[in-house]
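Below: the structure, in structure tokens.
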Amino acid sequence: MHASTSASTPVGAPSSTTRTLRWRVVDIVVAAVLGVAIGLVFWAWNTVGYAWFTAMDALTPGLGGLAVGIWLIGGVIGGLVIRKPGAALLVEVIAAIVSMLIGNVWGVSTLLSGIVQGLGAELVFALFLYRRFTLPVAMLAGVGAAAGAWVFELFYGSSPNILKTLEFNTIYLVSLVVSGALLAGVVGWLAVRALAATGALSRFAAGREARREV
């Protein structure tokens, strides 16, 4: 029965929805590893990205959103690799926790941001029923994470963005969307392909797809 099912199903596409969406132990382990690794990337980006954010905001208020994309990449990579419900959210949240625990200027808001951004990416993968993981979908997941970040910052904190001008919020939203699509979406997609090419994702559909393309 298993051999017959596999023969009629493309390589890398599980035979049933139940099987597709079921988490394995290896999924949990890899999600944790990805979260920690991306958390270290977040920590490194805290300095570089914040400097870029500040410089762009000084040039045009709201333009700092162009630097945010790297902080959104966890959900994109998690969703592309694990391809299960909750993967985008879990990896982004683990990465946020790691960044927060190592130490940054944002404290607990880092975790809250991670939850909202992860949910934004998660929603996009869910809209495609966790069955499409192309570059456009990765870019949309980055945009989803960016939208989550924008909504969160609109209301959160002692000086939420809702108190700022419409012009600022419009520029900030557009900047976040561009950054989410490119720095989170495109860079995240390329990072997964590069990782798959090493054979590290051989137990995942992303790795099998990479082998077929060689």
_Under the span-like rule (Cα at least 24 Å along the axis, Kyte-Doolittle mean at least 1.0), DSSP H helices of the chain_ = 25-59, 109-127, 135-155
*Hey, in the GNM for the chain with a 10 angstrom Cα cutoff, which one of Ala121, Ala55, Ala145 fluctuates hardest?*
Ala55
*Give the relative contact order (percent, whole number) for segment 106-158; include only Cα pairs under 8 Å separated by 6+ residues.*
44
*the chain: calculated mean residue ellipticity at 222 nm from DSSP helix runs of at least 4, using -39500 (n - 2.57)*: -22000 deg cm²/dmol
*Among Val25, Val151, Val177, determine the one that fluctuates most according to a GNM of the chain built with springs between C-alpha atoms less than 10 Å apart.*
Val25
*Please report, in debye to the nearest 20, how large the charge dipole of segment 27-141 is about its Cα centre when each Lys and Arg carries +1 at its beta carbon and each Asp and Glu carries -1 there.*
300
*Pairs of Cα atoms under 8 Å, at least six residues apart: use those to get the relative contact order of segment 105-214, whole percent.*
24
*How much accessible area per residue does the chain have, in Å², with a 1.4 Å probe?*
50
*Summarise the accessible area of segment 148-205 (1.4 Å probe, protein heavy atoms) by the percent that is carbon and sulfur.*
71
*asked:* Which one, Gly78, Val108, Gly144, is farthest towards the positive end of the dipole of the chain when Lys and Arg carry +1 and Asp and Glu -1 on their Cβ?
replied: Gly78
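The values are calculated or read from the model by the stated rules, or taken from the named source; none is laboratory data. Keep in mind it's a predicted model, so treat the numbers as computed, not measured. Note that each Cβ is placed from the backbone with ideal geometry, even for glycine, and that neighbours are counted across all protein chains shown. These accessible areas exclude ligands, DNA and RNA; they are computed on the full protein's heavy atoms, side chains included. Shrake-Rupley method; radii C 1.70, N 1.55, O 1.52, S 1.80 Å.
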